[in-house]
1. Has the range 70-83 got any residue that is part of a helix (DSSP H, G or I), more than 17 Å from Ala31 (Cβ to Cβ) and under 20 Å from the mean Cα position of the chain (by Cα)?
2. Across the range 1-58, which residue is most open to solvent (accessible area, probe 1.4 Å) among those that are charged (D, E, K, R) and free of Cβ contacts under 8 Å to residues at least 24 places away in the same chain?
3. Name the residue, out of Leu129, Leu82, Leu143, that is more than 17 Å from Ala13 (Cβ to Cβ) and open to solvent by less than 50 Å² (accessible area, probe 1.4 Å).
4. Only one of (1) surrounded by 15 or more Cβ atoms within 10 Å (Cβ to Cβ); (2) assigned to a loop (DSSP other than H, G, I, E, B) fails for Glu103. Which number is that?
5. Restricting to the range 85-100, what's the tally of residues that are in a loop (DSSP other than H, G, I, E, B) and open to solvent by 40 Å² or more (accessible area, probe 1.4 Å)?
6. Kindly indicate which of Gln54, Gln122, Gln68 is under 30 Å from Pro5 (Cβ atoms) and among the polar types (S, T, N, Q).
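The values are calculated or read from the model by the stated rules, or taken from the named source; none is laboratory data. This one's a predicted model, so the numbers in the text were calculated from it and none came from an experiment. Here the Cβ positions follow ideal geometry from the backbone for every residue, glycine too, while neighbour counts run over all protein chains shown. For accessibility, only protein heavy atoms count, side chains too; no ligands or nucleic acids. Shrake-Rupley method; radii C 1.70, N 1.55, O 1.52, S 1.80 Å.
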Amino acid sequence: MHTVPQQLSTTTATFLQHLRVEEQFLADVLAKANDVYAALRRGDLAAATEITTQLNADAAGLRAASAQRAAVAEHLARALGLPTKDLKLSALVESLPDPLGAEVGAARDRLTAVTTDLTAVQTRNANLLGHLRSFFRDVLADLTADDTPARYGPSGNWLAPSAGSALLTPGYPQ
(Lines give C-alpha, C1' and ligand atoms only; values in the text may rest on other atoms or scores of the structure.)
Protein backbone atom coordinates (compact mmCIF):
# COMPACT_ATOMS: atom_id res chain seq x y z
CA MET A 1 0.00 0.00 0.00
CA HIS A 2 1.31 3.43 -0.99
CA THR A 3 1.45 5.90 1.89
CA VAL A 4 1.28 9.64 1.53
CA PRO A 5 4.21 11.51 3.09
CA GLN A 6 3.15 13.34 6.27
CA GLN A 7 4.36 16.74 4.99
CA LEU A 8 2.29 16.39 1.80
CA SER A 9 -0.74 15.29 3.80
CA THR A 10 -0.40 18.25 6.19
CA THR A 11 0.09 20.78 3.40
CA THR A 12 -2.90 19.37 1.51
CA ALA A 13 -5.05 19.53 4.66
CA THR A 14 -4.08 23.19 5.11
CA PHE A 15 -4.86 23.84 1.44
CA LEU A 16 -8.27 22.17 1.78
CA GLN A 17 -9.01 24.31 4.83
CA HIS A 18 -8.28 27.44 2.78
CA LEU A 19 -10.57 26.17 0.01
CA ARG A 20 -13.34 25.65 2.61
CA VAL A 21 -12.90 29.22 3.85
CA GLU A 22 -13.23 30.54 0.30
CA GLU A 23 -16.23 28.30 -0.32
CA GLN A 24 -17.92 29.69 2.81
CA PHE A 25 -17.21 33.28 1.73
CA LEU A 26 -18.69 32.55 -1.70
CA ALA A 27 -21.76 30.88 -0.18
CA ASP A 28 -22.28 33.94 2.05
CA VAL A 29 -21.88 36.27 -0.94
CA LEU A 30 -24.35 34.16 -2.92
CA ALA A 31 -26.92 34.37 -0.12
CA LYS A 32 -26.44 38.14 0.14
CA ALA A 33 -26.68 38.58 -3.64
CA ASN A 34 -30.03 36.78 -3.46
CA ASP A 35 -31.01 39.11 -0.59
CA VAL A 36 -30.15 42.14 -2.76
CA TYR A 37 -32.40 40.79 -5.49
CA ALA A 38 -35.26 40.29 -3.02
CA ALA A 39 -34.77 43.79 -1.58
CA LEU A 40 -34.80 45.35 -5.05
CA ARG A 41 -37.94 43.43 -5.99
CA ARG A 42 -39.79 44.72 -2.95
CA GLY A 43 -38.43 48.25 -3.46
CA ASP A 44 -36.41 48.31 -0.24
CA LEU A 45 -33.46 50.45 -1.33
CA ALA A 46 -32.19 50.85 2.26
CA ALA A 47 -31.89 47.08 2.69
CA ALA A 48 -30.27 46.67 -0.73
CA THR A 49 -27.74 49.38 0.14
CA GLU A 50 -26.98 47.82 3.54
CA ILE A 51 -26.49 44.38 2.00
CA THR A 52 -24.25 45.85 -0.70
CA THR A 53 -22.07 47.39 2.03
CA GLN A 54 -21.80 43.94 3.63
CA LEU A 55 -20.91 42.46 0.23
CA ASN A 56 -18.05 44.94 -0.12
CA ALA A 57 -16.68 43.79 3.25
CA ASP A 58 -17.08 40.15 2.17
CA ALA A 59 -15.20 40.90 -1.05
CA ALA A 60 -12.26 42.24 0.96
CA GLY A 61 -12.29 39.13 3.14
CA LEU A 62 -12.50 36.90 0.09
CA ARG A 63 -9.50 38.63 -1.49
CA ALA A 64 -7.47 38.08 1.68
CA ALA A 65 -8.55 34.41 1.90
CA SER A 66 -7.71 33.93 -1.77
CA ALA A 67 -4.21 35.36 -1.26
CA GLN A 68 -3.61 33.01 1.67
CA ARG A 69 -4.90 30.04 -0.32
CA ALA A 70 -2.66 30.96 -3.27
CA ALA A 71 0.41 30.95 -1.00
CA VAL A 72 -0.45 27.50 0.34
CA ALA A 73 -1.19 26.27 -3.21
CA GLU A 74 2.28 27.38 -4.33
CA HIS A 75 3.83 25.56 -1.38
CA LEU A 76 1.84 22.43 -2.27
CA ALA A 77 2.81 22.73 -5.96
CA ARG A 78 6.51 22.95 -5.04
CA ALA A 79 6.12 19.86 -2.83
CA LEU A 80 4.63 18.04 -5.84
CA GLY A 81 7.32 19.32 -8.21
CA LEU A 82 4.84 21.42 -10.22
CA PRO A 83 5.50 24.86 -11.68
CA THR A 84 3.87 27.58 -9.58
CA LYS A 85 3.26 30.01 -12.43
CA ASP A 86 -0.35 29.85 -13.71
CA LEU A 87 -1.12 27.07 -11.23
CA LYS A 88 -4.54 25.45 -11.68
CA LEU A 89 -6.49 23.30 -9.25
CA SER A 90 -6.76 20.61 -11.92
CA ALA A 91 -2.95 20.26 -11.94
CA LEU A 92 -2.95 19.75 -8.17
CA VAL A 93 -5.80 17.23 -8.41
CA GLU A 94 -3.96 15.23 -11.07
CA SER A 95 -0.67 15.28 -9.17
CA LEU A 96 -1.93 14.43 -5.69
CA PRO A 97 -2.23 10.77 -4.72
CA ASP A 98 -5.63 9.48 -3.67
CA PRO A 99 -7.49 10.17 -1.45
CA LEU A 100 -5.98 13.68 -1.33
CA GLY A 101 -6.49 14.30 -5.04
CA ALA A 102 -10.12 13.24 -4.78
CA GLU A 103 -10.70 15.60 -1.84
CA VAL A 104 -9.18 18.57 -3.69
CA GLY A 105 -11.20 17.61 -6.77
CA ALA A 106 -14.42 17.56 -4.74
CA ALA A 107 -13.56 20.98 -3.28
CA ARG A 108 -12.88 22.29 -6.79
CA ASP A 109 -16.26 21.00 -7.95
CA ARG A 110 -18.05 22.70 -5.03
CA LEU A 111 -16.24 25.97 -5.74
CA THR A 112 -17.15 25.74 -9.41
CA ALA A 113 -20.82 25.15 -8.53
CA VAL A 114 -21.06 28.08 -6.13
CA THR A 115 -19.25 30.47 -8.49
CA THR A 116 -21.55 29.39 -11.34
CA ASP A 117 -24.58 30.09 -9.15
CA LEU A 118 -23.12 33.42 -8.05
CA THR A 119 -22.48 34.47 -11.65
CA ALA A 120 -26.09 33.65 -12.53
CA VAL A 121 -27.43 35.68 -9.58
CA GLN A 122 -25.14 38.63 -10.39
CA THR A 123 -26.36 38.56 -13.99
CA ARG A 124 -29.97 38.42 -12.79
CA ASN A 125 -29.35 41.37 -10.42
CA ALA A 126 -27.67 43.40 -13.18
CA ASN A 127 -30.62 42.72 -15.50
CA LEU A 128 -33.08 43.80 -12.80
CA LEU A 129 -31.12 46.99 -12.13
CA GLY A 130 -31.02 47.76 -15.85
CA HIS A 131 -34.77 47.24 -16.07
CA LEU A 132 -35.37 49.49 -13.05
CA ARG A 133 -33.16 52.25 -14.50
CA SER A 134 -34.99 52.07 -17.80
CA PHE A 135 -38.38 52.09 -16.06
CA PHE A 136 -37.56 55.17 -13.96
CA ARG A 137 -36.01 56.97 -16.92
CA ASP A 138 -39.25 56.38 -18.83
CA VAL A 139 -41.38 57.53 -15.87
CA LEU A 140 -39.33 60.70 -15.49
CA ALA A 141 -39.53 61.36 -19.22
CA ASP A 142 -43.33 60.92 -19.10
CA LEU A 143 -43.57 63.52 -16.32
CA THR A 144 -42.13 66.26 -18.53
CA ALA A 145 -44.02 68.29 -21.11
CA ASP A 146 -44.30 66.63 -24.50
CA ASP A 147 -42.11 69.24 -26.16
CA THR A 148 -39.44 69.02 -23.44
CA PRO A 149 -36.54 66.73 -24.33
CA ALA A 150 -35.83 64.03 -21.78
CA ARG A 151 -32.79 65.46 -20.03
CA TYR A 152 -32.40 63.31 -16.96
CA GLY A 153 -29.03 61.84 -16.11
CA PRO A 154 -28.21 58.35 -14.81
CA SER A 155 -28.91 59.45 -11.23
CA GLY A 156 -32.41 60.66 -12.17
CA ASN A 157 -31.51 64.32 -11.71
CA TRP A 158 -32.48 66.96 -14.26
CA LEU A 159 -29.50 67.75 -16.50
CA ALA A 160 -28.61 71.34 -17.25
CA PRO A 161 -29.34 72.36 -20.85
CA SER A 162 -26.39 72.26 -23.17
CA ALA A 163 -24.76 75.49 -24.34
CA GLY A 164 -26.86 77.36 -26.92
CA SER A 165 -30.15 75.62 -26.08
CA ALA A 166 -33.18 77.31 -24.61
CA LEU A 167 -33.39 77.20 -20.83
CA LEU A 168 -36.02 74.60 -19.95
CA THR A 169 -37.56 74.51 -16.52
CA PRO A 170 -39.58 71.43 -15.66
CA GLY A 171 -43.25 72.16 -14.99
CA TYR A 172 -43.21 75.74 -16.26
CA PRO A 173 -44.47 76.87 -19.65
CA GLN A 174 -41.81 78.17 -21.99
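1. The answer is yes; a qualifying residue exists.
2. Arg42
3. Only one candidate qualifies: Leu82.
4. Condition not satisfied by Glu103: (2).
5. So the count comes out to 6.
6. Gln68
Let's see how each residue does on (1) more than 17 Å from Val21 (Cβ to Cβ); (2) among the hydrophobic types (A, V, I, L, M, F, W, C):
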{"site": "Ala47", "(1), (2)": "yes, yes"}
{"site": "Ala57", "(1), (2)": "no, yes"}
{"site": "Ser66", "(1), (2)": "no, no"}
{"site": "Ala70", "(1), (2)": "no, yes"}
{"site": "Thr84", "(1), (2)": "yes, no"}
{"site": "Glu94", "(1), (2)": "yes, no"}
{"site": "Asp117", "(1), (2)": "yes, no"}
